[in-house]
Amino acid sequence: MTSNTADAIPRNQPIAMPAPLQSFAQRLFSGRNVLVVSLVAILSFLAVYPLAMLLYGSLHSTPPGMAGEFNLNGYKSILNWSNTVVLLNTVAISLGKTIPSLTLAVLLAWIIARTDTPWRDKLEVLITLPFFIPPILTAMAWGMLGNPQVGLLNQVWKWATGATVSPINVYSYGGVIWHMMQYSTPFLFLFIVDIFRAMDPALEESSRMCGASRWRTFRLITLMLMLPALTNSFILSLIRGIESFESPLFFGTPAKIEVITTEIYNSINHRATPDYQYATALSFAIMVMMFLLVVWQWWLLKGRTFTTVTGKGYAPNIMKLGKWKWVTFSFCILFFVITVVLPVGQLLIGSFFKFFGFYSYDMLTTEHYVAVFNNAEVWRAMGNTMLLGLLGATAVMILGSIVAYVSVRTKWRGRRLIDGLAWLPWMMPGMVLGIGFLWAFAMLPGPIPIYGTIWALMLAYVALGTPISVRVMSSAYAQLSYDLEECSRVHGATFMQTMWRILIALAWPSFAVGWVLAFFGIMRELSASILLYSVGSEVLSVVLLRLWANGLAEQVSVIGLMMMLLVILFRWVQLKLIKSRISTL
Amino acid sequence: MSAIVLENISKFFGAAAAVDDVNLQVETGEFVTLLGPSGCGKTTTLRMVAGLEQNSTGRISIGGEVVSDAAQDFFIPPERRHLGMVFQSYAIWPHMTVFDNVAYPLRIRRKSAQEIKDRVERALKLVEMGRFADRPAPALSGGQQQRVAIARALVFEPRVLLLDEPLSNLDARLRTQTGDEFRQLQKRLGITSLYVTHDQGEAMALSDRVVVMSMGKILQVGPPEDIYQRPHSRAVAAFFGSPNFIEAEVKACRSDTGGTFVLELDGGWIGPCHSTHEIKPGNKAAVMVRPENMRLVSGDRGPSATGMAWKGIVKESIYRGAHRSVMLDTSAGNLNIDLTALENPAVGAQVDVFAAENSAWAVPI
Ligand SMILES: Nc1ncnc2c1ncn2[C@@H]1O[C@H](COP(=O)(O)OP(=O)(O)O)[C@@H](O)[C@H]1O
Ligand SMILES: [Mg+2]
């Protein structure tokens, strides 16, 4: 029902109720209000409820669902020296990966957007690919590549130089940072490359005309104009680094380097009795930290975003590199080789040898493929992941489309609240949301058995995906002029017809692109899944982790390769869509 | 000494020539405008002078010094050409105040703080923006940004000022006013200016000389009056307004003073007409008469010796406020005439139209 027809009814119909009462009832039950209220309810359940339960749980002495008392023991127990080290580790590792990642991302974005490096469009696809690969895959691959005893890289090094000591040990601070950089660099690259592209070339040219050299112009104009965006990316990357789970789990924990996410995980999974209060208190503390970071980010950026974009479709300044273009080309290829070819190659090799680390002809085998194909658990997990991915991505995108529509294209009351609620999970690490949902499901009244089913995972995935889907759809709507919508109304289409024929018809490619993103997000998710799964509702990432923990690196490689195929297929579809959309709009 | 000399300049993007063998000299203190339809290569020409594009062929000199020579593969980058430039989008840096924007070229040249302050203030005063020095740049209107851009281009006393459609982002009223102010400033400072526009009115009002370009080539160079009244070709004539072209046969041709020719023409009337081209008797020529130079006459004057006259029927009459446009059907085809706003011949009425001899100009067909 549209708001317009709802408003029109009282005027045209005979009055059955006293007028004020009737119009009140009309307002209350008009389609608009029902929609707004349901959105607020859904989003609150997805974000506010687990957050509130986190606070509740942190004050509660027993695990979720058991009778207990309220006390501050959780907070007391997290205040100790070893947690100070954990906190310092977390911040230091995140800073340690953010700074080089950002530098690298700026360099790569500059090469792709502003130089005449050959095959830049293809390089761009290659450079951004690692962002779409689940970190758990590359983590396991690097665990094999950089293993201090039998890692392939170490073996090659020893064979080539005759040395007896391994130069590389991924189980170290360096290893954690190295792995984080591999997916955070392409993530930052995606942000930065468009800023380089969209900048009005005249802003830099006028600096040249004022007598500044290329390098000075880059420092004084280009970088300074990008500063707000770079600050934004920096803090975003810092937050992502603090939330990161796979890298410290794989490379930190074996070396006794713990960060907040692994500390939470260990306190539930690796202690004789899971200490829920401790974990929950720690989660709540990390939420507070995230909140402060977000406030800091907001304060830094207040009123400091510059519009540097041209209206005209002018190509940005392209720098002619001469012979150097082959250097920049090789640099991009090197990045791709390190972040994609090496790990995928390792998975490929690992899957065909009897034991990982012992590479000789007589060790060649396909038994791991057979083992994986005969493993019912793997097939069940695959089915679960697919089901969750298909349904979850669809749900996330539908929710995101509606929320984005209400918040950017209407002037309805409550739209800011909806926007804020949808954004809230943005700063919740998956691990923290997982704990919040553990409590949230346990506190639900009896007849709603969510915990232990795949719907528990589904809800967490929808919550984690919504901020991104809202962003994708908001920017899609923002590109469509209001005229298109209004013109359709003027020509006789109803609100629903307009939605269907104009808005959805024009925005569906963005919907599809966002859908693939959401699917990737679900496929890679580990930190919430590991807390919320139970027997029968395992997903692939959880099974991978379990196999890895049982020392079955070879089977892990087989599953990893299957997931890689899926990643490449979906990414290819997504790129096709992006391309066709750009050429039609 | 010429301030700017372009010799056989071309620019290729791939195989297509955006600028095709252009030759041009701009004298010191002169205001020269590149005029032409969108996509004809004006901006590319200007950017080659600036050094923002490298010319594919030819040589560019500024102030007697070669700055680019394609044959020698010699190229001085823009920052060492010492030119001021105003961009179409103004390119005011949003992360700086007005003062910082204007001070930028001086800071790059490492001037003392005192000198920077004095010169920036003087430049801002010149464009009447002194009060806005401390404003953040994004808080300016389009007209104000344009002034700041001019101040920034002038503050380091460049050899030449280059302007690429600097008025096109302003609304119509502001455009005329700002243009006139800029022309006064340019005359006062005597700064050599190369200006790009696609607006004929702007080019007429501002320039010492206009360069008419089309498809990468120069069609004609000359003072505004020449370009408008004495075009070399039909293309140049047609670029300004919508003149009438009347076909006529050349009966005789003799040269006149000043390199022009006088033609005896027969086009339903017999009369003399001037041209820059020598057209042999027996050939056809097109006589250009601008609508505003034609008028209605009462009574029968016949083909008088001082001009041309036709009889016609009013087919269309459009009131435009400042004047009235009338289309007549005559023996010479359809003719467009601009009348004063007070005249109002009825549609279908028979009228006599007259054009003085000195308002006609012949171009080759
Ligand atoms: N960087 C470029 N790459 C390819 N073609 C260009 C480029 N710049 C301009 N052109 C082409 O050169 C021609 C002249 O462009 P331009 O000088 O901008 O025209 P004007 O300023 O007269 O409108 C146009 O056809 C345009 O498409
Ligand atoms: Mg142009």
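Students often forget the sequence filter, so: which lysines lie under 24 Å Cα-Cα from B:Lys217 once same-chain residues fewer than 8 apart are removed?
In chain and number order, the partners are B:Lys11, B:Lys42.
Please turn the phi angles of the range A:456-461 into ³J(HN,Hα) values with the Karplus equation 6.51 cos²θ - 1.76 cosθ + 1.60 (θ = phi - 60°), one per residue in order, whole Hz, x for glycine and proline.
Result, ordered by residue: 4, 5, 4, 4, 5, 5 Hz.
Between B:Glu247 and B:Met215, what FRET efficiency follows from the Cβ-Cβ distance if R0 is 25 Å, with the result rounded to 0.05?
With R0 = 25 Å, the Cβ-Cβ based efficiency is 0.50.
Mind sorting A:Tyr461, A:Tyr75, B:Tyr90 by how few other Cβ atoms lie within 10 Å of their own Cβ, fewest first?
Fewest-to-most Cβ neighbours within 10 Å comes out as A:Tyr75, B:Tyr90, A:Tyr461.
Would you grab the residues whose amide H sits under 5 Å from the one on B:Val297? Only those 5+ places off in sequence or on another chain, please, with H modelled 1.01 Å from N.
B:Asp352, B:Val353, B:Phe354
On a full-extension model of 0.36 nm per residue, what is the gain between A:Ser44 and A:Trp379, subtracting their alpha-carbon distance, rounded to one decimal in nm?
Gain in length upon complete extension: 117.2 nm.
Find out how many positive minus negative residues lie around A:Ala460, taking Lys and Arg as positive, Asp and Glu as negative, among other residues whose Cβ is under 15 Å from that of A:Ala460.
Neighbourhood net charge equals -2.
Grab the DSSP H runs of the protein assembly as shown that are 4 residues or longer, score each as -39,500 (n - 2.57), total them, divide by all residues and round the 222 nm result to the nearest 500 deg cm²/dmol.
Theoretical 222 nm ellipticity from helices: -16500 deg cm²/dmol.
Could you compute how fast the range B:242-364 diffuses translationally, taking Rh as the Kirkwood radius over C-alpha pairs and applying Stokes-Einstein at 25 °C with viscosity 0.890 mPa s? Give it in µm² per second.
For these conditions, the coefficient is 165 µm²/s.
Hey, fewest Cβ within 10 Å first, where do B:Val67, B:Val160 land in order?
B:Val160, B:Val67
Could you give me the ³J(HN,Hα) list for the range A:431-438, computed from phi with Karplus coefficients 6.51, -1.76, 1.60 and θ = phi - 60°, whole Hz, x at Gly and Pro?
Values per residue, Gly and Pro as x: 4, 5, 4, x, 5, x, 5, 4 Hz.
Summing Lys, Arg as +1 and Asp, Glu as -1, what charge do residues with Cβ under 15 Å from the Cβ of B:His232 carry, B:His232 excluded?
Net charge around B:His232: +1.
Convert each backbone phi in the range A:71-84 into a coupling constant with the Karplus relation 6.51 cos²θ - 1.76 cosθ + 1.60 (shift: θ = phi - 60°), then list the ³J(HN,Hα) values in order as whole Hz, x for Gly and Pro.
3J(HN,Hα) across the range A:71-84, in whole Hz: 7, 9, 4, x, 5, 4, 6, 7, 8, 8, 5, 5, 6, 4.
For chain A, what size does the Cα cloud have along each of its three principal axes, sorted from largest down, in whole Å?
95, 74, 48
Which of rounded, prolate or oblate describes the range A:118-159 when judged by the alpha-carbon gyration tensor and an a/c cut-off of 1.5?
Because a/c hits 1.5 or more and a/b fails to exceed b/c, the range A:118-159 counts as oblate.
Counting only residues 5 or more places away or on other chains, whose amide H sits under 5 Å from the amide H of B:Gly36 once H atoms are built in the peptide plane?
B:Thr197, B:Met213
Under 5 Å between amide hydrogens, which residues at least 5 positions from B:Gly271 or on another chain qualify, with H placed 1.01 Å from N in the peptide plane?
Amide H to amide H, under 5 Å and 5 or more residues apart or across chains, B:Gly271 pairs with B:Leu265.
Normalised by the residues of chain A, what does the relative contact order come to in percent, with Cα pairs under 8 Å and at least six apart?
Relative contact order comes out at 21 percent.
Under 17 Å Cα-Cα from A:Lys576, which aspartates and glutamates qualify once same-chain neighbours fewer than 8 residues away are excluded?
A:Asp121, A:Glu124
Counting pairs of alpha carbon atoms under 8 Å apart in space and at least six apart in sequence, what relative contact order in percent does the range B:242-364 give?
Relative contact order, the range B:242-364: 29 percent.
Quick one, what does Rg over Rh come out to for chain B if you take C-alpha atoms and the Kirkwood Rh?
Taking Rg over the Kirkwood Rh, I get 1.07.
With equal scatterers on the alpha carbons only and no solvent term, can you work out the Debye log10 of I(q)/I(0) for the range B:1-133 at 0.09, 0.15, 0.20, 0.21 1/Å?
Treating every Cα as an identical point scatterer, log10 I(q)/I(0) equals -0.35, -0.86, -1.17, -1.22.
Could you tally the net charge around B:Asp20, taking each other residue with its Cβ under 12 Å from the Cβ of B:Asp20, Lys/Arg +1 and Asp/Glu -1?
Net charge in that neighbourhood comes out at +1.
Quick one: compute the contact order of the range B:2-234, relative version, from alpha carbon pairs under 8 angstrom and 6+ residues apart, as a percent.
Relative contact order, the range B:2-234: 28 percent.
Looking at the square roots a ≥ b ≥ c of the eigenvalues of the Cα gyration tensor of the range B:190-319, which shape do they give, rounded for a/c under 1.5, prolate if a/b is larger than b/c, or oblate?
oblate
Which order do A:Tyr369, A:Tyr482 fall in if you start with the one that has the fewest other Cβ atoms within 10 Å?
Result, fewest neighbours first: A:Tyr482, A:Tyr369.
Every number in this text was worked out from the coordinates using simple rules, so none of it is lab data. Computed from a predicted structure; not experimentally measured. Please note: Cβ atoms are built from the backbone with ideal geometry, for glycine as well, and neighbour counts cover all protein chains shown.
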